[in-house]
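Below is one structure, written out as structure tokens, with a few remarks after it.
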Amino acid sequence: MSTQLYHLQQEHLARLQRDYATLLEEHRLDCLAIYSGHANAFFGDDQTPTFQTYGHFMHWVPLADLQHSWLVIRPHQRPQLYLYAPTDFWHLPTQLPEEPWVAEFDVHLCSDKRQPTLEGHAAFIGDIAQLPTASQHAQLNPTSLVHRLDELRITKSAYEIACLREANRLAMAGHEAAQAAFIGASGELDIQLAYLAGSRQRESAVPYQNIIGLNDHAGVLHYQHYDLSPPKQRHSLLVDAGRRFRGYCADITRTHAGPDAPALFGELVSALHTLKDELVGGVVSGADFVALHEQMHHQLGDILVSHDLFQGSVDQGVAEGVTRAFCPHGLGHSLGLQVHDVAGLRQPDGSSAPPPNAHPALRLTRKLEPNMVVTIEPGLYFIPMLLAPLRQQGLPINWTLVDHCLPCGGIRIEDNIVVTDKGPTNLTP
Ligand code: GLY
Ligand code: MN
Ligand code: MN
């Protein structure tokens, strides 16, 4: 695996060299310095939040927690990596991993936080606003260049797809451990700890805060707590949790019906798995992601009608916002070095492509191209504040069934999919 991965990585880096050379020449730049970023201490404190390397830096250097470091790119020259590595007895001195990719860079170990000196026409990109001095002569985060660099990340190289596949494999081991903990009647915190152990990572390394929601917490889209004690009844568990591999993110959701759930909830979980598979089938080159999102709403309408939750027609359910109340988020998003990866709301030429007014939470509005990686994550939730207006409007909803399902919170099923010429490839085992 590692030799093959290294060969893929060499191709990936060679592609970056070519693409960066073209873009720098187009922008009449002799060099570009990419800042890794750094974490700032909390106000009045000496402690810092967890940190994540700037995405364009990680596109080259597969280290997700590298601070105060620089990468300098010049067309047709080897990339220069300035690694902040102070002599320090408080921390373990910074070391590069013993992996062959390190030889692709000229590495300079730096004992202070100095910025690299750039010659000619130069630009800096990254979170440089907080640095004491950015060169007066260099351009800072030039918008058109950054948009073009974002665009390089919308399709993934074979190396990146291999990393995303490995991230998925590792995350899925966590999901299996989380499910086993739920079957063993654990509470949210212990399910989270089981997930971290199963996916072999510390909490600060997760690509986004894991969502571990039992019962009605499953209906809080970005539920952010972990209750210490298990609840008395176990209606449901929703786990939306990932893993990084070389910076690349898995973003997987599974929902489980518990022993105290009504039979209908278990049937809805099965229906959402089927819906997810059908939507994955639509992840083909040339497909319009907005149209696929709208298809999700029609199929959710079918599910609501066929399970007697909605007693009108599918078209009425979609037109009158019933399906939106049951699923207020988007079908999915681009996935890569960031869980919500860059350029999802832009056209290939860099112009803005905002979501339609009816679907403001959609984070991807592009046509799908080979080697894009996207999530497909249909959901169906029982969220009291979204259902209340439907009740007031007197829409034909079976409130008895809805009230039965309210303690289960909701369902989301999420997989990570590669678009290929031959159809979708599902990375989620
Ligand atoms: N985990 C965040 C998302 O699914 O978009
Ligand atoms: Mn997602
Ligand atoms: Mn997710």
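Here are the numbers for the structure shown:
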read-out	value
Residue-averaged [θ]222 nm for the chain, counting only DSSP H segments that reach four residues, each worth -39500 (n - 2.57)	-10500 deg cm²/dmol
Three-way shape call for the range 46-92 based on the alpha-carbon gyration tensor, with the a/c threshold at 1.5	oblate
Crossing angle, helix 158-183 versus the chain [Cα axis fit, 0-90 degrees, rounded to tens]	40 degrees
Alpha carbon convex hull of the range 81-206, volume per residue in cubic angstrom	201 Å³
Spin-label model distance (nm) - Asp260 vs Glu278, 7 Å beyond Cα toward Cβ	3.3 nm
Accessible area per residue, Å², the chain with all protein chains present, probe 1.4 Å	45 Å²
Enclosed volume per residue, in Å³, of the convex hull spanned by Cα atoms of the range 145-294	140 Å³
Using θ = phi - 60° and Karplus 6.51 cos²θ - 1.76 cosθ + 1.60, couplings along the range 69-75 (whole Hz; Gly, Pro as x)	10, 10, 10, 10, 10, 10, x
Asn426 paired with His108, simple spin-label distance in nm, labels 7 Å along Cα-to-beta-carbon	4.9 nm
Radius of gyration and Dmax over the Cα atoms of the chain, both given in Å	23.4, 71
Cα point-scatterer Debye curve for the range 7-47, base-10 log of I(q)/I(0) at q = 0.15, 0.16, 0.22 Å⁻¹	-0.59, -0.61, -0.78
Gained length - Phe51 relative to Met385, 0.36 nm times residue gap less alpha-carbon distance	116.8 nm
Whole-angstrom gap from the range 191-255 to the range 52-98, using each part's C-alpha centre	30 Å
Environment charge at Leu29 (Cβ cut-off 12 Å; Lys +1, Arg +1, Asp -1, Glu -1)	-1
Principal-axis tilt of helix 263-281 within the chain, Cα atoms, nearest 10 degrees	40 degrees
Low-density loop cleavage sites - chymotrypsin sites (Phe, Trp or Tyr not before Pro) in the range 20-92, where at most 16 other Cβ are within 10 Å (DSSP)	Phe42, Phe43, Phe51, Phe89, Trp90
Per residue, the convex hull volume that the Cα atoms of the range 1-109 enclose (Å³)	125 Å³
Charge sum, other residues only, whose C-beta stays under 11 Å from Cys405's C-beta, Lys/Arg counted +1 and Asp/Glu -1	-3
Length added when fully stretched, Arg202-Ile183, from 0.36 nm per residue minus Cα-Cα	4.5 nm
Cut-off 14 Å between beta-carbons: net charge of the residues surrounding Pro230, Lys and Arg +1, Asp and Glu -1	-2
Helix 289-306 axis, angle to the chain major axis (alpha carbon atoms, nearest 10°)	20 degrees
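The values are calculated or read from the model by the stated rules, or taken from the named source; none is laboratory data. The structure presented is a predicted model; accordingly, all values stated were derived computationally and were not measured. Glycine also receives a Cβ, built like all others from the backbone with ideal geometry; neighbour counts cover every protein chain displayed. Remember, those area values only see protein heavy atoms, side chains included, never the ligands or the DNA or RNA. Shrake-Rupley method; radii C 1.70, N 1.55, O 1.52, S 1.80 Å.
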